[in-house]
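Report on the following structure.
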Amino acid sequence: MSRTALRICPLCEATCGLTLSIDGTRVTAARGDRDDVFSRGFICPKGASFGALDADPDRLRTPLVRRDGELREATWEEAFDAVAAGLRPVVERHGPHAAGIVLGNPNVHTMAGALYPTVLLGALGTRALFTASTLDQMPKHVSSGLLFGDANAIPVPDLDRTDHLLLIGANPLESNGSLCTAPDFPGRLKALRARGGTLTVVDLRRTRTAKLADRHVAIRPGTDALLLAAMAHVLFEEGLADLGALAPHIEGVTELADAVRDFTPESVAAACDVDIDTTRALARELAAAPTAAVYGRIGSCTVPHGTLASWLVDVLNILTGNLDRPGGALFPQAATDRTPRPAGPGHGFTLGRWHSRVSGHPEAKGELPLSALAEEIDTATEDGTPVRALITIAANPVLSAPDGHRLDKALDSLDFMVSVDPYLNETSRHAHVVLPPPPPAQSPHHDFAFNTLAVRNQVRYTRPAVPLEPGRMAETEILARLILAATGGHGADPAAVDALVIEQTLGKAVREPHSPVHGRDPHDLAARLTGTDGPERRLDMMLRLGPYGDGFGARPDGLTLERLLAHPHGIDLGPLRPRLPQPLKTRSGKVELLPAPIAADLPRLKHAMAERPAGLVLVGRRHLRSNNSWMHNIPALTGGSNRCTLHLHPDDATRLGVRDGEPVRVKGAGGEVTAPAEVTDTVRPGVVSLPHGWGHDRPGTRLGHAAGDPGVNVNQLLDGSLLDPLSGNAVLNGVPVTLTPLTGAKL
Ligand code: SF4
């Protein structure tokens with residue numbers, strides 16, 4: 001029998017509401033949910049392919065356990081026995097840091113991924129944590145940590161009310177936004193222009209977003225921080241810096257003015273290839289607009305000065321008085337945020353509390369650079385133990401991190417590896433145990449992370465659209481059992497994990513003077529939680545303790561899980577509101593405009609003024625029907641314009657004798673790949689572009705469609721030792737390469 005069910009789309013950061021058509025237990029169609037309070041019916045091609053993705057025949061249905069060198073189907077019991085038997089001896093023999101954890105990007109797109117990895121990390125006590133953040137967004141976390149004292153306090157552009165938006169290194173018409181959750185980002189940009197606002201795009205490629213803009217500045221790769229510093233300089237020089245109502249919350253303005261004194265438009269013009277008048281115009285337009293927001297993403301983060309660029313994005317918002325005001329850049333307030341504490345000094349943000357064992361990279365936000373994972377496994381040092389066991393959750397670093405060949409070999413040398421992954425992919429094929437979560441239609445959904453980045457405050461929750469099929473285990477239970485198996489509790493009831501988290505959270509809440517449950521009995525509060533299972537009770541707890549919650553009766557009109565379930569299309573919590581100084585957790589209690597680590601890194605940026613790439617440089621690109629390496633196994637989402645081709649400018653093609661469609665060998669510091677050329681003037685001369693997430697040609701995977709059109713792994717060209725030093729983020733853009741046309745050769 002056919003029916004419909006609601007499901008929040010987990011396939012990118014936009015979190016659109018979907019209406020699924022379901023026949024039996026099969027999703028036959030997906031369309032945008034017109035009544036969704038946030039997305040209002042928007043859907044993109046990925047969301048429309050939800051059914052195909054859900055039913056992908058290559059999804060693993062049962063756990064796999066390695067026996068006699070082969071991964072074979074096993075029962076859940078056998079699989080968790082194998083995890084406990086493989087992992088515990090490593091931890092007991094070598095200590096907790098010998099067990100590494102790798103969290104991939106899809107973790108933030110599931111409830112389980114939001115609720116359990118932090119518990120695992122705390123229980124295991126390892127410092128060997130690696131995540132996808134050091135491939136794309138750690139610079140933003142670090143700059144927020146240094147400026148605001150909280151690495152997760154990330155202001156987002158007020159897209160629906162701003163008068164002027166400056167995008168740098170961002171292509172939301174393809175990505176649908178990142179670190180800025182906005183269903184129908186393209187429509188919101190068009191609405192901005194329709195209401196008389198202006199859109200400026202700084203991007204080395206003439207992207208679809210750039211084509212929509214009033215002004216497109218085709219900057220040289222890797223120089224965004226220089227341009228932004230020069231804009232800050234212009235604001236000071238021309239007396240345009242005006243903090244407005246922000247002034248009481250900011251310290252370090254005079255020091256900042258001194259720090260950017262040398263970054264004149266004249267001095268950065270050649271490095272950025274942006275003329276002086278344009279730089280001045282960008283700064284003046286920002287200052288003159290009634291409201292404005294600067295937003296930077298991947299292109300500005302994944303470069304040697306990523307943290308400085310991220311910092312300068314917020315500096316410009318602050319200097320023009322646009323931080324924390326409607327139409328500017330504001331701090332969202334999610335329904336599951338912790339109870340806001342009173343404003344005042346906090347503990348601040350510290351980098352480098354420990355360092356990676358081999359290269360001494362400082363931790364950032366508790367993480368080590370994913371680029372360093374291979375050496376942390378394959379290199380012995382006098383101090384410390386290499387990573388001997390690895391837990392990967394929704395991660396495919398063999399494709400997503402620099403120099404996958406080295407990591408590929410290193411993974412084979414591990415004593416034990418367990419992967420939580422729906423696919424046997426380039427990384428999970430090395431595991432001793434693979435634990436496959438169910439398809440998304442069989443899982444509940446709430447966006448814990450993305451609601452903290454949303455351009456409008458709202459809350460939504462969808463229960464599984466179809467029941468778990470026989471033999472499946474909920475991802476929440478998989479991770480709870482994994483925690484138990486990894487920490488010596490193998491065989492215990494997985495519900496104990498949720499119960500412990502609830503006990504600890506409520507126990508802490510009742511001791512906090514600002515909490516609505518201060519002084520109450522935590523056992524009584526726990527007994528009041530609703531929900532059909534542990535994860536739902538945890539969601540109920542977070543909602544009730546959160547800023548809109550009922551405080552377990554203290555605020556009777558407030559949010560609870562029951563109230564949320566009564567609103568299947570979600571509850572709108574209103575536009576973003578000014579929140580300063582409450583979100584600040586710096587030691588001063590103010591926005592610290594020129595933090596010491598940033599000031600210490602500025603001389604490196606100054607040196608970059610004189611740098612000019614001698615030859616071609618490589619950048620990545622994103623396609624609307626892709627999200628990293630996840631979707632290449634879905635026929636509806638590959639082919640057409642979503643192909644792994646090398647974009648290069650016609651002038652470079654002519655000079656090098658490269659012909660459109662013919663193979664070209666690309667050589668970088670980390671290796672070489674061969675890809676078909678696509679000659680296009682959407683890239684600027686001197687720049688070539690390959691998309692990431694491809695390279696599905698390794699043996700031992702089960703990705704039938706992807707293997708038929710594997711593409712090449714762009715990360716194989718990269719030098720894994722190249723990082724943004726403050727954040728440990730890999731340098732993925734602006735990397736020198738050489739090209740050799742292979743005219744007449746077949747791919
Ligand atoms: S924009 Fe993102 S969240 Fe929305 S339908 Fe597409 S993939 Fe899903």
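The values are calculated or read from the model by the stated rules, or taken from the named source; none is laboratory data. On a predicted model such as this, the values are computed, not experimentally measured, just so you know. Counting neighbours? That spans all protein chains shown, and the Cβs are built from the backbone with ideal geometry, glycine included.
Restricting attention to region 371-419, report how many residues are assigned to a loop (DSSP other than H, G, I, E, B) and either within 20 Å of ALA84 (Cα to Cα) or touching a residue at least 40 places away in the same chain (Cβ under 8 Å) (or both).
Count: 14.
Considering only residues that are basic (Lys, Arg) and under 16 Å from ASP224 (Cα atoms), look in region 593-631 and name the one that is surrounded by the fewest Cβ atoms within 10 Å (Cβ to Cβ).
So in region 593-631, the residues basic (Lys, Arg) come out as 604, 606, 612, 621-622, 625.
Applying the additional criterion that residues be under 16 Å from ASP224 (Cα atoms) yields 604, 606, 612.
On the way: ARG604: 14, LYS606: 14, ARG612: 10.
It comes out as ARG612.
May I ask you to list the residues in region 1-34 that are under 19 Å from PRO186 (Cα atoms) and of a type in the set (Asp, Glu)? Correct list: GLU13, ASP33. Are any of the residues in region 356-370 without any contact (Cβ under 8 Å) to a residue 24 or more places away in the chain, closer than 30 Å to THR207 by Cα and part of a loop (DSSP other than H, G, I, E, B)? Checked against the condition, which is being without any contact (Cβ under 8 Å) to a residue 24 or more places away in the chain, closer than 30 Å to THR207 by Cα and part of a loop (DSSP other than H, G, I, E, B), region 356-370 yields no hits at all.
In the set GLY708, GLY686, GLY668, which member is small (Gly, Ala, Ser) and within 23 Å of ALA374 (Cβ to Cβ)?
GLY668
The residue pairs whose first member lies in region 31-52 and is assigned to a loop (DSSP other than H, G, I, E, B), whose second member is among the β-branched types (Val, Ile, Thr) and more than 8 Å from the ligand (Cβ to nearest atom), and whose beta carbons are closer than 6 Å, counting only pairs six or more residues apart or on different chains, are ASP33/THR19; SER49/ILE634. If I filter region 309-328 for residues that are more than 17 Å from GLY100 (Cα to Cα), at pLDDT below 95, in contact with a Ser or Thr (Cβ under 7 Å, 6 or more places away or on another chain) and of a type outside the set (Lys, Arg), do I get at least one hit? No. Here VAL27 fulfils each of the conditions (1) assigned to a loop (DSSP other than H, G, I, E, B); (2) away from the ligand (no atom under 13 Å from the Cβ); (3) buried (at least 23 other Cβ atoms within 10 Å of the Cβ) apart from (1). State whether the residues of region 414-427 include one that is among the hydroxyl-bearing types (Ser, Thr, Tyr) and more than 24 Å from LEU368 (Cβ to Cβ). Yes: region 414-427 contains one or more residues that are among the hydroxyl-bearing types (Ser, Thr, Tyr) and more than 24 Å from LEU368 (Cβ to Cβ). For region 608-641, residues that are outside any loop (DSSP other than H, G, I, E, B) and touching a Ser or Thr at 6+ places or on another chain (Cβ under 6 Å) total 3. Taken together, the residues in region 73-124 that are touching a residue at least 40 places away in the same chain (Cβ under 8 Å), out of contact with any strand residue (DSSP E or B) (no Cβ under 7 Å at 6 or more places or on another chain) and outside any helix (DSSP H, G or I) amount to 3.
Apart from one condition, LEU103 fits all of (1) more than 16 Å from the ligand (Cβ to nearest atom); (2) farther than 30 Å from ASP224 by Cβ; the exception is (2).
Evaluation of LEU11 against the conditions (1) part of a loop (DSSP other than H, G, I, E, B); (2) surrounded by fewer than 17 Cβ atoms within 10 Å (Cβ to Cβ) shows that the sole unmet condition is (2).
Taking (1) under 30 Å from PRO583 (Cβ atoms); (2) surrounded by fewer than 18 Cβ atoms within 10 Å (Cβ to Cβ) in turn, LEU351 satisfies each apart from (2). Within 16 Å of the ligand (Cβ to nearest atom) and either of a type in the set (Lys, Arg) or closer than 30 Å to ILE318 by Cα (or both): is that true of ARG622 in this structure? Yes: the conditions hold for ARG622.
Scanning region 34-52 for residues that are in contact with a strand residue (DSSP E or B) (Cβ under 7 Å, 6 or more places away or on another chain) and more than 22 Å from TRP630 (Cβ to Cβ), we see that the one that is farthest from the ligand (Cβ to nearest atom) is VAL37.
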